[in-house]
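Comments concern the structure below.
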Amino acid sequence: MKKTKSTHHLLCLFLLCCVGGAKPMVASLQLESPLPSAYYSHHFFPVSTSNNRTTSQLDWSRCHYQRRPPTCSLVVQKFPVKSSSVVLYASSGGSTAPADDETMEPPSSPPEGSKDRRKVVQVAWEKLVRWSRSWRSKAKTDVLERANKVVVLGGGSFGTAMAAHVAERKAQLEVNILVRDPQVCRSINERHCNCKYFPDHQLPENVIATTDAKAALMGADFCFHAVPVQFSSAFLEEIAAFVDPGLPFISLSKGLELNTLRMMSQIIPKALKNPRQPFIVLSGPSFALELVKKLPTAMVVASKDKKMADAVQQLLASRNMRISTSSDVTGVEIAGALKNVLAIAAGIVDGLNLGNNSMAALVAQGCSEIRWLATKMGAKSTTLTGLSGSGDIMLTCFVNLSRNRTVGVRLGSGEGLDDILSSMNQVAEGVSTAGAVITLAQKYKVKMPVLTAVARIIDKELTPTKAVYELMALPQVEEV
């Protein structure tokens, strides 16, 4: 039939006739011509009856649905049904009404333009893949090809993980780890594992450990510095005589020197007595355990020398390691230092069982405080929302593998700081950095309530519970 409105009236009239009788029945309609798909989705509806009167209530759970193309004639079929519902459906020639216990899903039609949207997404993805392939084909690999030796200063968890990663990049590359512990040195050389931190993970055979600084540094093309910040000055002064003036130093250490408030970009040149020592900082959301497991990781290298940042990017980038470059050394370093203090605060919230609302509010406030100080020190705001900022903060504050978060959890649970630190076999940089951060904040005239509270808790001048109440009692101010 050509007029959809007439068909609609006919359907309604027929339906009323069906429900008007005392005996429940089903109506089957065959129409003269096909109707648009929208007609089915709007007109195949259930109608409930109560005391032989139609109501507007739709009882979807007691209705049958069939969606078949209508054909050429109008037929009325009546037969009893078990329920008090009346069902209206379109059937093709020769079809019968559905059985009483047969239930079919309501008709659904794909949204308009869904195919077009899928096509747009497919095209966008294909462009991204083509761009990636083109970029990889042009990527330089000369740095890795020329490199013969890399040295890692420090045999801790992250230094070991980075040594393993670099060694995997090239089998002919000699990777030396300078360690202090003779037992760790033997386990790496004899059993190819770090018995202290990764006893169950096999290291590449081209990773070699030594306790001889001169032998480790001789002929090195790159040096990774993985010694904790508070011990770096003394350590570097001891080995300064063996360091080549042109050897690039890649800092893996995060934190501020407690008495001087210096970052690694200031500590390394001064300790080595070479203000021109090439310096690069590597930072971002990365746990050592996941690095040795070769899980996908993304980090950022920052240097004021773009060529040097690009070189380290070539050295480290792999199938499971993405490396971005930056020129914002200050932003990457200060974010890496302050996030450790914030992680202690996040752990305290968890230890006190203050809930998810408190955790989200505290971390958001802490991020603002880091931004206030970092930008005053000359950092770029884009750095603070990137991998070395927000990325590292999220990982350190929310994941149990974080050493600093663990300290906070135990403080919030009532343990003493001395007991916590004595039971740990790794350094939680946030503990020593907290006091330095507050001194730095006073220098740049920045208010940092959350990070200041952490420093006071560490100094045993404030309990975690009282700190929470005092922070909640601060004036209600405009968000900035």
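In the stretch 183-219, how many are touching a residue at least 40 places away in the same chain (Cβ under 8 Å), assigned to a helix (DSSP H, G or I) and small (G, A, S)? Working first, answer last.
To start, the set of residues in the stretch 183-219 that are touching a residue at least 40 places away in the same chain (Cβ under 8 Å) comprises 196-198, 201, 203-204, 207, 209, 216-217, 219.
If we keep only those that are assigned to a helix (DSSP H, G or I) as well, we get 216-217.
Checking which are small (G, A, S) leaves us with 216.
Adding up the residues that qualify gives 1.
Among residues of the stretch 126-148 that are modelled with pLDDT under 85, those with a beta-carbon under 9 Å from a residue that is part of a helix (DSSP H, G or I) and surrounded by 11 or more Cβ atoms within 10 Å (Cβ to Cβ) at least six positions away or on a different chain give the pairs A139/Q314; K140/D310; K140/Q314; T141/Q314. You will find that of K460, K445, the residue that is among the charged types (D, E, K, R), over 19 Å from G351 (Cα atoms) and in a loop (DSSP other than H, G, I, E, B) is K445 and no other.
Per the listing F222, F249, F242, the residue uniquely of a type in the set (A, V, I, L, M, F, W, C), surrounded by 15 or more Cβ atoms within 10 Å (Cβ to Cβ) and in contact (Cβ under 8 Å) with a residue 60 or more places away in the chain is F222.
Determine whether K304 is at pLDDT 95 or above and assigned by TED's automatic domain parsing to the domain that holds M264. If you could, list the steps in order and put the result at the bottom.
Numbers: at pLDDT 95 or above: yes; assigned by TED's automatic domain parsing to the domain that holds M264: yes.
Yes.
Checking R262, R180 one by one, the residue that is of a type outside the set (V, I, T), assigned to a loop (DSSP other than H, G, I, E, B) and buried (at least 17 other Cβ atoms within 10 Å of the Cβ) is R262 and no other. Looking at the structure I just gave you, is T433 in contact with a helix residue (DSSP H, G or I) (Cβ under 9 Å, 6 or more places away or on another chain), assigned to a helix (DSSP H, G or I), at pLDDT 90 or above and under 27 Å from M264 (Cβ atoms)? Yes; evaluated as a whole, the condition is true for this residue.
A167 - would you say it is more than 28 Å from T433 (Cα to Cα), in contact (Cβ under 8 Å) with a residue 24 or more places away in the chain, part of a strand (DSSP E or B) and of a type in the set (A, V, I, L, M)?
Taking the combined requirement at face value, the residue does not satisfy it.
Does S232 fit the bill of being of a type in the set (S, T, N, Q), touching a strand residue (DSSP E or B) at 6+ places or on another chain (Cβ under 8 Å), over 22 Å from K293 (Cα atoms) and touching a residue at least 40 places away in the same chain (Cβ under 8 Å)? Let's see the steps before the verdict.
Numbers: of a type in the set (S, T, N, Q): yes; touching a strand residue (DSSP E or B) at 6+ places or on another chain (Cβ under 8 Å): yes; over 22 Å from K293 (Cα atoms): yes; touching a residue at least 40 places away in the same chain (Cβ under 8 Å): no.
So S232 does not fit the description; no.
The residue pairs whose first member lies in the stretch 308-319 and is more than 15 Å from D221 (Cβ to Cβ), whose second member is among the small types (G, A, S) and modelled with pLDDT under 95, and whose beta carbons are closer than 9 Å, counting only pairs six or more residues apart or on different chains, are A317/A139. The condition of being surrounded by fewer than 21 Cβ atoms within 10 Å (Cβ to Cβ) and within 32 Å of the chain's Cα centre (by Cα) holds for P228.
The values are calculated or read from the model by the stated rules, or taken from the named source; none is laboratory data. All of these numbers come straight from a predicted model, not from anything done at the bench. Virtual Cβ from ideal backbone geometry, glycine too; neighbours counted across all protein chains shown.
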